[in-house]
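The values are calculated or read from the model by the stated rules, or taken from the named source; none is laboratory data. For clarity, every value in this text was computed on a predicted model and none was experimentally measured. Neighbour counts run over all protein chains shown; Cβ positions are idealised from the backbone, glycine included.
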Amino acid sequence: MMHFEFHVEGGNFTKAGAASSQLKKILKQLNADPKTIKRVVVAMYEAEVNIVAHAYQGDIFIDIDTEKIVIKLIDEGPGIPDIELAMQQGFSTASSRVREMGFGAGMGLPNIKNNSDELKVTSEVDKGTIVEFVTYFNQ
């Protein structure tokens, strides 16, 4: 099993996607299936940008074994009051500043769901959010 950790700074859009890019390089070096790489990187990017757009900071933990990629993102931020609502396409709490930069269209969580095999979102208002997802390698 391989383990990787990344720290994400809230509000730093210049670095948004850095961890996703690293993950893509790692998976390419492991000769993972291109479709699997694309799915994982899309889901990871969305989750990473959510931390940048909504939280003060967060950490990403990635475990890769021969069967799957498990990614857990833990952030310190405002939390999600209604996860079911947040899972709907187009729902967003992003600020106008974030939207002006082209983020916050309300597709983050739906895109994570569509590009992973398992997704679990837990959140506590005024504390933070944990997003965990699993993508299986094509057998």
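Please find, among Ala47, Ala16, the residue that is farther than 20 Å from Asn138 by Cβ and modelled with pLDDT under 95.
On the way: Ala47 fails: modelled with pLDDT under 95.
Checking each option against the conditions leaves just Ala16.
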- Message: Could you check segment 22-36 and list, in sequence order, the residues that are exposed (fewer than 15 other Cβ atoms within 10 Å of the Cβ) and among the aliphatic types (A, V, I, L, M)?
- Response: Leu30
- Every residue from segment 106-139 that is in contact with a Gly (Cβ under 9 Å, 6 or more places away or on another chain), exposed (fewer than 13 other Cβ atoms within 10 Å of the Cβ) and not in a strand (DSSP E or B): Val125, Asp126, Lys127
- Query: Quick one: how many residues across segment 83-139 are under 12 Å from the mean Cα position of the chain (by Cα) and of a type in the set (Ser, Thr, Tyr)?
  - Reply: 2
- Query: So which of Ala19, Ala43 is in contact (Cβ under 8 Å) with a residue 60 or more places away in the chain, surrounded by 12 or more Cβ atoms within 10 Å (Cβ to Cβ) and under 23 Å from Glu67 (Cβ atoms)?
  - Reply: Ala43
- How many residues are in a helix (DSSP H, G or I) and of a type in the set (S, T, N, Q) when one looks only at segment 41-72? 1
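Which members of segment 7-17 meet the condition of being more than 12 Å from the chain's Cα centre (by Cα) and outside any loop (DSSP other than H, G, I, E, B)? Reasoning before the result, please.
Pass one, segment 7-17, residues more than 12 Å from the chain's Cα centre (by Cα): 7, 9-15.
Correct list: His7, Glu9.
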